[in-house]
Amino acid sequence: MAYYNKIGLLVLSEDAKKFLVCEPGEKYTEKSVTQYLMPGGKLEEKSDVECLQREIKEELDCELNLDSLELIGEYTDVAATPGRDVMIRLYKGKLIGIPTPSTEIGALHWIGKEDVTNQKVSPIIRNKIIPDLVEKGIVK
């Protein structure tokens, strides 16, 4: 099985009931994979922060408030691409600017704990990230 190592960003709504996810554009994903993913991407830089800065600019056309970054945890589960696993090191942080789908992103969505059964949400978010965020009291 292929294994992806990714760095993700948790962007919470003001009331902490929802968080931002990305839906890949048709051009950048297999037709069978249209699941919602965490903003962020594959670590290609020397640090997680550099990766997040690049990915957030590419995907959301925003900058990161570096002082707001906080490591939440690491999660491993089945990837949105069938037959593969993914590990996401997830940071909570704030954006500078208004998120707008850019480059490979087709749409942005706000989801919450009620989306734990939503099949449009990738398995790692449903199975690992949402339950942990609720347990830690990060998502209300």
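The values are calculated or read from the model by the stated rules, or taken from the named source; none is laboratory data. Given the structure is predicted, the values throughout are model-derived calculations rather than measurements. Note that we place each Cβ from the backbone using ideal geometry, even for glycine, and neighbour counts take in every protein chain shown.
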Could you check, for region 31-48, whether at least one of its residues is modelled with pLDDT of 95 or more, under 23 Å from Pro123 (Cβ atoms) and assigned to a helix (DSSP H, G or I)? yes
Keeping to region 95-123, report how many residues are of a type in the set (Lys, Arg) and either part of a loop (DSSP other than H, G, I, E, B) or surrounded by 15 or more Cβ atoms within 10 Å (Cβ to Cβ) (or both). 1
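Rundown of residues vs (1) in contact (Cβ under 8 Å) with a residue 60 or more places away in the chain; (2) over 15 Å from the mean Cα position of the chain (by Cα), yes/no style:
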{"position": "Lys92", "(1), (2)": "yes, no"}
{"position": "Leu95", "(1), (2)": "yes, no"}
{"position": "Ile98", "(1), (2)": "no, yes"}
{"position": "Ser102", "(1), (2)": "no, no"}
{"position": "Gly106", "(1), (2)": "yes, no"}
{"position": "Glu114", "(1), (2)": "no, yes"}
{"position": "Lys128", "(1), (2)": "no, no"}
{"position": "Val134", "(1), (2)": "no, yes"}
{"position": "Val139", "(1), (2)": "yes, no"}
Residues of region 37-58 classified as over 22 Å from Asp85 (Cβ atoms) and surrounded by 22 or more Cβ atoms within 10 Å (Cβ to Cβ), total: 1
For region 57-68, indicate whether the set of residues that are farther than 24 Å from Ile138 by Cβ, more than 12 Å from the chain's Cα centre (by Cα) and part of a helix (DSSP H, G or I) is non-empty. yes
